[in-house]
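Below is the structure I would like to discuss, written out as structure tokens.
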Amino acid sequence: MNTEFLRALRDLEKERGISIELLISAVEAALLSAYKRNFGSSQNARVEIDRETGECRVLTQRLVVETVCDPREEISLEEAKKIDPRYEAGDTLEFEVTPRDFGRIAAQTAKQVVVQRIREAERNMIYEAYASREGDIITGTIQRVEQRHVHIELGKTEAVLPPSEQMPGERYRQGDRIRACILEVRKTTRGPQIVVSRTHHNFLRRLFEIEVPELHDGVVELKAVAREAGVRSKIAVYSRDPNVDPVGACVGPKGTRVQAVVNELRNEKIDIIRWDPDPSRFVAEALSPAKAVAVETWDEEKIARVIVPDNQLSLAIGREGQNARLVAKLTGWRIDIKSESQMEEIYAKEYEDLYGKEEEEYIEEPEVDFSEA
């Protein structure tokens, strides 16, 4: 190795951001392993690469002793004093033992180590770059689909969209552009694996933050998200500025903002709800498009009973209970939906249980005047 080798390492440091000291240390460790493998093991050997010239040397240490038991590890005090009279028993001497043809082995080993270290450093850089972005949206190109797993090219790496994170009914074709949110970044032996999702509630949240400047700036806050991917979602929004309508900000002029999100989600229906700190009012708002007549809450159990008009009961519950489920997810309360007629029956039964059956009607008898008799 020579100065050209060091120059190449410095170029790598600039281009790839890998420390030259880290690379040289890795080469030294690999050369020491190669030396022990090819020229016999030595516990005290070390490899040193000159940081200025690139010269490579193998050095071994020997312990100064009165009587030598292992010539490879020890040197007699008499021989040590010939080198320098100041040596005493217990001191350590270092000798250069670089083999004649070690340069060829060094060059080959250095190449392998540098390539390996570059690959490891790139993997670590990719992992660190994406690990801190969990929940963010990425855009890539579909590279291939294998066993229903969609592989998305992201430049120097790729992401995987597993079947469990795919929206129902979506089709994925090679070469198509696709957006998804980063769900998880895993370290594997083949490098970082980036798992993305199109069904996670964070995907919906981030799409609105992209489309609605007030959300990005913090004027409007997205308090809660409930989603059944590909079918229907509900979001609860709140405005820190009384002059800004949070629902109107998310809908946008002529519905352009919410429509952009709907288009990305393949016409998934989205209900935008005004968040309220009062649980009763919040639950009533969340029930949209149905209108609540009244809401009764039990704070300790976090149960809310919602009363709706008879003709809106099915609308409030939704197809297969979907609306009720989304309201429960959005508010964090258990929801019990009753119609007005159902509540009348419930109240009548409660009254009956409390007071018993109604007494028989009392018929007043006419008064009889016995004075004349």
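Bear in mind that the values in this text are calculations on the coordinates, not laboratory data. On a predicted model such as this, the values are computed, not experimentally measured, just so you know. Because the Cβ atoms are built from the backbone with ideal geometry, glycine has one as well, and the counts that use them run over all protein chains shown.
Rg and Dmax of segment 286-353 over Cα atoms: what are they, in angstrom?
Cα radius of gyration and Dmax of segment 286-353 are 12.2, 36 Å respectively.
To continue, here is another question. Summing -39500 (n - 2.57) over the DSSP H runs of n ≥ 4 in the chain and dividing by its residue number, what mean residue ellipticity at 222 nm do you reach, to the nearest 500 deg cm²/dmol?
It comes out at -11500 deg cm²/dmol, rounded to the nearest 500.
While we're looking at this one, here's another question. Using only the C-alpha atoms of segment 200-275, find the volume of their convex hull and express it per residue in Å³. Display every interim value, and only then the final one.
Working: hull volume 5.6 nm³, N = 76.
Hull volume over Cα atoms, normalised by residue count, gives 73 Å³.
Exposure proxy check: LYS338, LYS269 ranked by fewest other beta carbons within 10 Å?
Placing the least packed residue first, the sequence is LYS269, LYS338.
Follow-up question, since we're still on this one. Counting DSSP beta bridges with both partners in the chain, what percentage is antiparallel, nearest 5?
70 percent
Let me ask another. For segment 200-275, what does the relative contact order come out to in percent, with C-alpha contacts under 8 Å and a separation of six or more?
Answer for segment 200-275 is 33 percent.
What residue among GLN116, PRO168, GLN147 has its Cα farthest toward the positive end of the dipole of segment 65-199, where the charges are +1 on Lys, Arg and -1 on Asp, Glu, each on the Cβ?
Value: PRO168.
Could you work out the relative contact order of the chain, using alpha carbon pairs under 8 angstrom and six or more residues apart, expressed as a whole percent? Could you put the intermediate results ahead of the total?
Details: 584 pairs, mean separation 30.3, N = 373.
Across the chain, relative contact order equals 8 percent.
How would you order 291-302, 26-37, 341-352 from highest to lowest mean count of nearby Cβ atoms within 10 Å?
In decreasing order of mean packing, 291-302, 26-37, 341-352 become 26-37, 291-302, 341-352.
Given an 8 Å cut-off on Cα distances and at least 6 residues of separation, report the relative contact order of segment 277-357 as a percent.
Computed value for segment 277-357: 28 percent relative contact order.
Here's another thing I want to ask about it. Which of THR189, VAL225, ASN202 sits closest to the plus end of the dipole of segment 176-239, meaning its Cα is farthest towards the positive end, when Lys and Arg get +1 and Asp and Glu get -1 on the C-beta?
THR189
While we're on this one: Let me spell out the model: positive unit charges on the Cβ of Lys and Arg, negative unit charges on the Cβ of Asp and Glu, origin at the Cα centre of the chain. What dipole size does that give, in debye rounded to 20?
Dipole about the Cα centre, nearest 20: 3880 debye.
Here is a further query. Suppose the Debye formula is applied to equal point scatterers at every Cα of the chain; what is log10 I(q)/I(0) at q = 0.07 Å⁻¹?
-0.62
Ok, one more. Taking other Cβ within 10 Å of each residue's Cβ, how do HIS149, HIS200 sort, fewest first? Intermediate values should be presented prior to the final figure.
Values: HIS149 14, HIS200 19.
Neighbour counts put them in this order, fewest first: HIS149, HIS200.
Same structure again: To the nearest 20 debye, what charge dipole does segment 11-125 have about its Cα centre, counting +1 at the Cβ of each Lys and Arg and -1 at the Cβ of each Asp and Glu?
Details: 18 positive and 23 negative charges, 125 e Å.
In total the dipole reaches around 600 debye.
In square nanometres, what is one fourth of the surface area of the convex hull spanned by the alpha carbons of segment 3-129?
9.8 nm²
Then there's this: Using +1 at the Cβ of each Lys and Arg and -1 at the Cβ of each Asp and Glu in the chain, identify which of ALA316, ALA129, VAL97 lies farthest towards the dipole's positive end.
VAL97
Using the reciprocal of the averaged 1/r over all distinct C-alpha pairs, how large is the Kirkwood radius of segment 133-197 in Å?
Mean inverse Cα-Cα distance, inverted, gives 11.8 Å.
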